[in-house]
Amino acid sequence: MIIKVNVITNAKKDSVHYDGERLVVRTTEQPVKGRANRQVVRIISGLFGFRADVVSGHFSRNKLIFVDGDDESISASLERLKQEHLEQQRDRKQQRERT
């Protein structure tokens, strides 16, 4: 399965979230000599439990990542990330409405 990914380098910590359209991967690595790409592949492989590889966007923040695994399992993980994102948005909206 191919996944759209936006990469943010030089972050304080590695993290992944879904912004409604694509995965956003934050990595502490710098975009030098492929270090950030390798870290993004490690993060995504760990997230889905399958081998991953950059197929497009090697020198760009916007990448296409191929995850070599069970499409149902990958889709379920993506759906979980989407739901977490929606819950966080609802929580933020409720907090703003209270103030």
> What ranking do 8, 3, 74 get, fewest neighbouring Cβ atoms within 10 angstrom at the top?
Replying inline: 8, 3, 74
>> Using Cβ contacts closer than 10 Å as the measure, can you line up 85, 58 from fewest to most?
In response: 58, 85
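Please report, in debye to the nearest 20, how large the charge dipole of the chain is about its Cα centre when each Lys and Arg carries +1 at its beta carbon and each Asp and Glu carries -1 there.
On the way: 19 positive and 14 negative charges, 128 e Å.
The dipole of the chain has a size of about 620 debye.
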> Counting other C-beta atoms within 10 Å, which of 66, 48, 59 has the fewest, and how do the rest follow?
Replying inline: 59, 66, 48
> By average Cβ neighbour count within 10 Å, what is the ranking of 16-28, 87-99 from highest down?
Replying inline: 16-28, 87-99
> So who's got an amide H within less than 5 Å of the one on residue 29, skipping anything under 5 residues away but keeping other chains? H placed 1.01 Å off N, in plane.
Replying inline: 10, 11
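To the nearest 0.05, what FRET efficiency results for residue 55 and residue 8 with a Förster distance of 25 Å applied to their C-beta separation? Provide the component values of the computation, followed by the final result.
Numbers: r = 20 Å, r/R0 = 0.79.
Here the calculated transfer efficiency is 0.80.
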> Taking the chain as a Gaussian network, Cα atoms linked when under 10 Å apart, which of 53, 71, 14 shows the biggest mean-square fluctuation?
Replying inline: 71
>> Contact order normalised by length for the stretch 2-98, with contacts defined as Cα pairs under 8 Å and 6 or more residues apart; what percent is it?
In response: 26 percent
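Values in this text are rule-based calculations from the coordinates and carry no lab data. Note that the coordinates shown come from a computational prediction; the quantities given were computed from them, not determined experimentally. Don't worry about glycine lacking a Cβ; one is built from the backbone with ideal geometry, like all the others, and counts go over all protein chains shown.
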